[in-house]
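The values are calculated or read from the model by the stated rules, or taken from the named source; none is laboratory data. Since the structure is predicted, the reported quantities are computational estimates derived from the model, not experimental observations. We place every Cβ from the backbone using ideal geometry, glycine too, and count neighbours over all the protein chains shown. Keep in mind that these areas ignore ligands, DNA and RNA; they rest on the heavy atoms of the full protein, side chains included. Shrake-Rupley method; radii C 1.70, N 1.55, O 1.52, S 1.80 Å.
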Amino acid sequence: MLNDAGRQIPDAVDGLGHLRPYKKEAVKRVVSGNLKNNTRKPEKTTRISGDMEESITRSGLKNGDRISFHHHLRLGDRVVEQVLLELERMGYRDLILCVSSVMGPASNAVLRAVRAGILRRIETTGLKSPLSEALLAGEIPEPVVFRSHGGRARAIDSGETPVAAAFIAASEVDREGNLTGSQGPNRFGSMGYAMVDAQHAAYVIGISDSVSNKCLNHISIPGNQVDEIVKVESIGDRAGISGGSIRVSRRPVEKLIARKALDVLIASGAVQPGFSYQAGSGGISLLVTSFLKDYMTGTGITGSFASGGATENLVEMCREGLFDTLWDVQSFDDSASFSLGENAFHREMSASRYASPEYPGCIAEELDIMILSATEIDRDFNVNSITGTNGRILGALGGAPDTAAGAGLTMVVMPSFRGRIPTVNTRVRTVCTPGETVDILVTERGIAVNPRREDLLRRLSDSKLDLISIEELINRIYALTGVPDFPEEGSRICAVVEYRNGTVLDCLRI
Amino acid sequence: MRSWLYCPGNSPKMIINAGIYGADGLVFDLEDAVAPDRKREARILLAQAFKERIVPVEKSAVRINGPETEDWNKDLEEMIPAGALIIRIPKVEHPEQVHRICNLLDRIEADNGMDTGKVVLQCILETPLGVENAFVLGGSSSRISSLSFGAEDYCAAVGIPRGSDLLPLDYPRSRIASAAAAFGLSAYDTVWGFLDDETGLAADALRAKSLGFKGKSLIHPDQIELVNRVFSPTPDELADARNILEEAAFMDGGAGSLNGRMIDRPVILRAERILQSAEETGIRESTDAE
């Protein structure tokens, strides 16, 4: 059937069973009381082991079960590979991988496990090459499920996706079994995504290369949620942590867009005392934050909190008193990793508290301003952040659908074309964030307000901003690039994109 | 025109975006930015961009190859029929070079049904000889609309460093600005090549403005905002100009005074120019100034 994003969704798909189509009225948060309270027993003691095989055996993991990882080590991750190789040696088959994202060396390791028959399904916010190519080549037996960070947390919290064994990398552990990401030689900062797994998985295995005889200064995951710890030689490479999507742009076009974005924020009245703010990890988003910092310093306006992926810039802003609190679900650079646990303003949060639609008052829904990057946007303001116009997988859902739904002002910042390919199109290849949750698009060739936001249109109409309708903007771009010849989609569903509440927004077909 | 942003003539990506950053004028370069074996393809590409109006033609100049090269006439033959109306000539030293270019322009304009003299010239003086000949060059053709300074080659020829020491460039700048003013032309200053040195750029631009230059050439979009600001009238200048003109309205010719300062014809003319410049660049007097 056709869902409310205008996409054809089948009633069921092999491997995933029944699908619930996305409905517009389901966008708003409804507290259902589905949060499962299964905090682990406090009397548990954590065993420290040096043998991965024994730990996996003790976990009771069976073929077909669901295992989980986090991606806080980003491009420096070596844990996913170590665990999957051990599972392969132990002869496991047909597991479901539930991961916050897959990138860098982990992509190779996961692909190898898929080809070896160890994994049959992947549930993730995003995946990178070479796994992305394998997905489009039909190599993954069951459709990949793309979930936002909030959607993943909701699915685990509610028991919808029960995790049999969570493998959680920590940069340091102590003898009580407590885990942290902000101490030790390979610190990576917040463990926000893994906190949900630790709370709900049937068996939790912490993995670290550093065991402290002293109590940890900053505990991310308490020992009473951890069944055992495996000490390994190395969890990875700290230098790779900032190697993912973190890129501070020096490109003139991106700087121009960021300056326009700041002008919009100011003209909209959203930057006012006590405001809250989050920006994605794209180059333009990071620049907006940088320009916002200068503006706040110049005007003396201070905000209540900044959130999301923590960066050096946000840490500096809090240190200078520009924001009271930095809510950190993922630390993007060493400065943020070092700050967590050292600064009282820097608070670690779980993915549930960050963005789950079932978490009352989650941070995403307290946001005044959200700055998003995207691969594509369409005339209905639907945002694609997974595939390019040509269908290749370029990005991830991240927390975009969650923060867009929650923020008072959701702004998409992007160049109007990349290479010669337009990024503002009549129809996006894949709907990842529904247009009804997106308020404004800022490009170097014009600014388009979602007509749904009449209040914003009225407020901005008095400014000198280059406001045009999104249809005019598309025409302006197509006049330069020509109308793209969109590639045909196939008929076999290789992935589904879930909205944060578990309904299906779109399907990827090959 | 406060800012002229250079853009390589062989980069489609840069050509397509050159007009969006807020520079008053653009200079599409067929000279130094294009390797000798790429000149032909650059001409084809840039001509197409002009023909399809991908660039804002009315504020776009083309820097052709120097008058002593084999390419300048090919540049004109391609670019004028494509719609280019402002030609920037590098390394001009003699009026004879200007005449040679004007003769070819006369013929191209006639062949294409254009009014004679529609294409205007910006001469870049970037050698000691060019600087010394500023006055005769400024008066060498009615097509000339501005004189520009090119400091890099000048410094190399004279043997002085190009950097934060601005004093050595006062002489060529003054000579060019004065020659331009003698013929009612605009004078545009040289580029500042140190991209990360905004303080140096500001000082360089302010010095040029103080010597009579109306704007500056730029090599990067990041330089536009600062240079536009420097070459715009300040709120104090605007308020002063308005007060002078208000006072002048009550004067019966001759001279008057305002706050102990003599007001006469040159002062009134300068005030009018400041307000005109503000009008052209869309600058309004701030409330504070009022």
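Out of the total accessible area of segment A:299-458 (probe 1.4 Å, heavy atoms of protein only), what percent is carbon and sulfur?
Ligands and nucleic acids excluded, carbon and sulfur reach 45 percent.
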Given a 1.4 Å probe, the accessible area of segment A:252-489 per residue, as a whole number of Å², is 34
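Identify the GluC sites (Glu not before Pro) of segment A:74-114 meeting these criteria: DSSP loop state and at most 10 other C-beta atoms within 10 Å of the C-beta.
Answer in residue order: no site qualifies.
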Taking placed amide H atoms and a strict 5 Å upper bound, the residues 5 or more places from B:Trp192 or on another chain that come that close are B:Ile219
Reduced to Cα centres, the span from segment A:178-244 to segment A:49-116 in Å works out to 16
Karplus ³J(HN,Hα) for segment B:29-43 (6.51 cos²θ - 1.76 cosθ + 1.60, θ = phi - 60°; Hz, whole; x = Gly/Pro) runs 9, 9, 8, 5, 6, 10, 5, x, 7, 10, 4, 5, 5, 5, 4
GluC sites (Glu not before Pro) in segment A:309-350 lying in a DSSP loop, each with at most 16 other Cβ atoms within 10 Å of its Cβ, come to A:Glu320, A:Glu342
For B:Lys74, counting only lysines whose alpha-carbon sits under 16 Å away and dropping same-chain residues fewer than eight positions off, the answer is B:Lys39
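Roughly how many Å² is the accessible area per residue of segment B:193-265, as a whole number, for a 1.4 Å probe? Show your work: numbers first, answer last.
Numbers: 3940 Å² over 73 residues.
Heavy-atom SASA per residue in segment B:193-265 reads 54 Å².
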Of all stretches in chain B that avoid trypsin sites (Lys or Arg not before Pro) placed in a DSSP loop and having at most 13 other Cβ atoms within 10 Å, the longest is B:119-283
Of the convex hull enclosing the alpha-carbon atoms of chain B, the direction-averaged projected area in nm² is 16.9
Computed for segment B:3-230: size of charge dipole around the Cα centre, +1 on C-beta of each Lys and Arg, -1 on C-beta of each Asp and Glu, debye to nearest 20, value 480
Taking a ≥ b ≥ c as the square roots of the eigenvalues of the Cα gyration tensor, with a/c under 1.5 meaning rounded and otherwise prolate when a/b exceeds b/c and oblate if not, chain A is oblate
In Å², rounded to a whole number, the accessible area per residue of segment A:47-242 with probe 1.4 Å is 30
Going residue by residue through segment A:99-109, the Karplus relation 6.51 cos²θ - 1.76 cosθ + 1.60 with θ = phi - 60° gives ³J(HN,Hα) values, rounded to whole Hz and with x marking Gly or Pro, of 9, 6, 5, 10, 8, x, x, 5, 4, 5, 5
Surrounding charge for B:Phe231, neighbours by C-beta under 10 angstrom, Lys/Arg +1, Asp/Glu -1, total +3
Here segment A:122-137 yields Karplus 3J(HN,Hα) values (6.51, -1.76, 1.60; θ = phi - 60°; whole Hz; Gly and Pro given as x) of 10, 10, 7, 8, x, 8, 10, 4, x, 5, 4, 5, 5, 4, 6, 8
Accessible-area loss of at least 20 Å² (1.4 Å probe, chain alone to full protein assembly) applies in segment B:196-233 to B:Asp196, B:His220, B:Asp222, B:Glu225
per DSSP, antiparallel bridges as share of beta bridges in segment A:47-242, % nearest 5, sits at 10
For A:Val204, the residues 5 or more places away or on another chain with a placed amide H closer than 5 Å to its own amide H are A:Ala166, A:Asp227, A:Glu228
With the dipole of the protein assembly as shown defined by +1 on each Lys or Arg Cβ and -1 on each Asp or Glu Cβ, the option from A:Ile118, B:Gln223, B:Gly139 whose Cα lies farthest towards the positive pole is A:Ile118
Helix B:198-210: inclination vs chain B longest Cα principal axis, degrees, rounded to 10, gives 70
The relative contact order of chain A, taking Cα pairs under 8 Å that sit 6 or more residues apart, comes to a percentage of 17
The answer for the net charge of residues other than B:Glu247 whose Cβ lies under 11 angstrom from its Cβ, with Lys and Arg +1 and Asp and Glu -1, is 0
Computed over chain B, the relative contact order (Cα-Cα under 8 Å, seq sep at least six) in percent reads 15
Any lysines whose Cα falls less than 29 Å from that of A:Lys214, other than same-chain ones fewer than 8 residues away, would be A:Lys41, A:Lys44, A:Lys231
Taking A:435-441, A:480-486, B:19-25, A:259-265 and ranking on average Cβ neighbours within 10 Å, highest first, one gets A:435-441, A:259-265, B:19-25, A:480-486
For chain A, longest principal axis from Cα atoms; helix A:252-268 axis from its Cα atoms; angle between them, nearest 10 degrees, is 80
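Assign unit charges at the C-beta atoms only (+1 for Lys and Arg, -1 for Asp and Glu), then state the dipole size of the protein assembly as shown relative to its Cα centre in Debye, rounded to the nearest 20.
Dipole size: approximately 1600 debye.
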Surpassing 28 Å at the alpha-carbon level, of the pairs B:Lys13/B:Lys59; A:Lys464/B:Lys59; A:Lys24/A:Lys464; B:Lys118/B:Lys216, are A:Lys24/A:Lys464
Taking a straight Cα-to-Cα line shorter than 13 Å from B:Lys51, and setting aside same-chain aspartates and glutamates fewer than 8 residues away, one finds B:Glu78
With all protein chains in place and a 1.4 Å probe, B:Phe28 shows an accessible area in Å² (nearest 10) of 0
Charge dipole of segment B:235-280 built from unit charges on the beta carbon (Lys, Arg +1; Asp, Glu -1), centred at mean Cα; most positive-end Cα among B:Gly260, B:Ala271, B:Ala241 is B:Gly260
So the angle from the long Cα axis of helix B:95-111 to the longest Cα principal axis of chain B, reported in degrees to the nearest 10, equals 70
For the A:Ser129, A:Ser461 Cβ pair and Förster radius 45 Å, calculated FRET efficiency rounded to 0.05 is 0.55
Sorted by chain and number, the residues with a modelled amide H under 5 Å from that of A:Leu179, at a separation of 5 or more or across chains, are A:Ser220, A:Ile221, A:Gly223
One finds, for A:Arg392 and A:Arg509 with R0 = 22 angstrom and r their Cβ-Cβ distance, a FRET efficiency to the nearest 0.05 of 0.95
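What value, in deg cm²/dmol to 500, does the helix sum -39500 (n - 2.57) over DSSP H runs of n ≥ 4 give at 222 nm once divided by the residues of chain B?
-13500 deg cm²/dmol
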In segment A:436-481, accessible area falls by at least 40 Å² from chain alone to full assembly (1.4 Å probe) for A:Arg445, A:Leu480
For segment B:235-280 the mean separation of alpha carbon contacts under 8 Å (6+ apart) over residue count, i.e. relative contact order in percent, is 46
As a percent rounded to 5, the proportion of antiparallel DSSP bridges among beta bridges in segment A:357-510 is 60
Chains B and A: accessible area buried, summed over both chains, 1.4 Å probe, nearest 100 Å², reads 900
Rounded to the nearest 5, the percent of antiparallel DSSP beta bridges in the protein assembly as shown equals 25
